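This report refers to the structure that appears directly beneath it.
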């Protein structure tokens, strides 16, 4: 790869952009929430319990409704997930994580669109995916006109 002035400038701008994101209020909030989450013993216990329950759930799902503990494990998993989601520290972390992810998705879509409208940027967010692609996805049988 031959380094040109243009490539070096692009890399410098990319580093500058990443630095701005890393030092943004959203990134600071994310790191603060992550630190709080890591120090919260109750939250860590809930997460560990959920991981154990998820393994049980995955085992039960292999057999589906025919597994003898299907209903019990499914119900316990949903209840534990709800407890996990309603825990204040975990909820704040998820909110901070989602906010940072939205910014990263927006930046990705803007960068991809600046290069070409045909570039697909996988964001995991249907709103951005519909803006950056044909709108109905590749499952439309080609009716949308994308290739």
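Coordinate-derived values only; no laboratory data. Only a predicted model underlies this, so the values are computations on that prediction, with no experimental measurement involved. Cβ placement follows ideal geometry from the backbone for every residue including glycine, while neighbour counts extend to all protein chains displayed.
Shown is the FRET efficiency for residue 52 and residue 24, computed with R0 = 22 Å from the Cβ-Cβ distance and rounded to the nearest 0.05: 0.05.
Here the Kirkwood formula puts the hydrodynamic radius of the range 25-135 at 16.7 Å, using every distinct Cα pair. Among 8, 109, 103, the ranking by other beta carbons within 10 Å of each residue's beta carbon, starting with the fewest, stands as 8, 103, 109. What FRET efficiency would be calculated for the residue pair residue 32, residue 120, taking the C-beta separation as r and a Förster radius of 41 Å, to the nearest 0.05? Efficiency for this residue pair is about 0.75.
Shown for 87, 67, 23: other C-beta atoms within 10 Å of each C-beta, ranked fewest to most, produce the order 23, 67, 87. Segment residue 69..residue 41, full-extension length gain: 7.1 nm, with 0.36 nm per residue of separation and the alpha-carbon distance subtracted.
Fully extending the segment from residue 17 to residue 102, taken as 0.36 nm per residue of separation minus the present Cα-Cα distance, adds 29.1 nm.
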